[in-house]
1. Using a Gaussian network model on the chain with a 10 Å cutoff between Cα atoms, which of GLY74, GLY172, GLY27 fluctuates the most?
2. Along the Cα→Cβ direction, 7 angstrom out, place labels at ASP318 and GLU82. What is the inter-label distance in nm?
3. Summing +1 for each Lys or Arg and -1 for each Asp or Glu, what net charge is found among the other residues whose Cβ lies under 13 Å from the Cβ of ILE308?
4. So if a site counts as exposed when it's one of the GluC sites (Glu not before Pro), its DSSP state isn't H, G, I, E or B, and it has at most 14 other Cβ atoms within 10 Å, what's the longest stretch of the chain without one?
5. Would you mind telling me the share, in percent, of accessible area of the chain contributed by carbon and sulfur at probe 1.4 angstrom?
6. How high is the relative contact order of the stretch 1-160? Use alpha-carbon pairs under 8 Å, at least six apart in sequence, and give a whole percent.
7. So what's the back-of-envelope 222 nm ellipticity for the chain, counting only DSSP H runs of four-plus at -39500 (n - 2.57) apiece and dividing by all residues, rounded to 500?
8. Need one word for the stretch 288-329: rounded, prolate or oblate. Basis is the Cα gyration tensor (sqrt eigenvalues a ≥ b ≥ c); a/c below 1.5 gives rounded, then a/b vs b/c decides.
Amino acid sequence: MRAAVLEEYQEPLAIHDVDAPNPEAEGVVVEMEACGICRSDWHGWQGDWDWLGIQPPKGQILGHEPAGTVVEVGADVENIREGDRVTIPFNIGDGTCHQCRTGHGNTCENVMPLGFAEPVQGAFAEQLHVPAADHNVVQLPGSVSAVDMAGLGCRFMTSFHALAHQADINAGDWVAVHGCGGVGLSAVHIADALGANVVAVDLSDEKLDKARELGAVETVNASDADDTPQAVQALAGGGVDVSVDALGIETTCRNSVMSLGTRGQHVQVGLSTQDEQGMVALPTDMMVMKEIEFIGSLGMPPTRYDEIFRMVETGKLDPSAVVSETVSLDDVSDRLASMSNFETMGIPVIDEFA
């Protein structure tokens, strides 16, 4: 089968013919129909996240926003059948630890991030093996296309979990989203669907225009603002209730915290780069005085995908609105390279693998 393989960090992925996977007893093989190209793939391609212990090894197949059809099923799999249309969360859990058994599989104690660890080769390939399939595989409703599901992948479901589960958003609350890439635009759309008034922040007028299309009522171009947090606070009448760092650099993290009003909630979704290596200085005294919460949010438990599906089926969420383009497997390296300068808009999705 064809696959895009990481041979050298920051160099084009090599398109190779590699052996197709065989299912383990508790695993399944999924034939890819679509896979998003995510900024997390860019981080892996850059060689980031060694400080987290999840730097992908050379020889790894990247890709972690898949949708496809099950073509082989292991002997011990109980709930998945050949022909099922499925997606797979990027947080591959073992299904047996305390976190998995209590509905928090996104923070599995033995988590293996899809496409970032040798035992779980990624979805930039014609086929993908998924271990512990009864726990990790999510069946798709008939109303969701493969391309839309790839758009619902890491970025959309991460934003949904952050806003619908981790943050405390009430109708009419002010929510700021710092960084309008795929995660950020997804967060804008989801926060709007949850009844919030959204302020979108970015350096690109084009991305801010897209944010308005997806529900933002106000926008701030951070390259034009003398003080970005102050500009956001002024629009929200003294500070937002919830603020999301959807990028993960020091500037957006700090601006997000500083945009909050009293008793506001900062939600950290973006993971950091080589510049920060996971460490960001924050105004802790101000956070104490205002009783500000700092909340981390990672992926989404596979048991809660039906919440998104119900909102899609009733028209409250439209993942296709965040998908910017469909490309072939051969285009992956170009799209990754363009992310170095934040040139991608929305979510590019691979829909041609052969």
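1. Largest GNM mean-square fluctuation: GLY172.
2. About 3.9 nm, to one decimal.
3. Around ILE308, the surrounding residues sum to -1.
4. Here the longest segment lacking exposed loop sites spans 110-290.
5. Looking at the chain in its full context, I get 45 percent from C and S.
6. 29
7. -6500 deg cm²/dmol
8. The shape class here is prolate.
The values are calculated or read from the model by the stated rules, or taken from the named source; none is laboratory data. All values reported here derive from a predicted model rather than from experimental measurement. Glycine also receives a Cβ, built like all others from the backbone with ideal geometry; neighbour counts cover every protein chain displayed. Quick note on the areas: whole protein, heavy atoms, side chains included, nothing else; ligands and nucleic acids left out. Shrake-Rupley method; radii C 1.70, N 1.55, O 1.52, S 1.80 Å.
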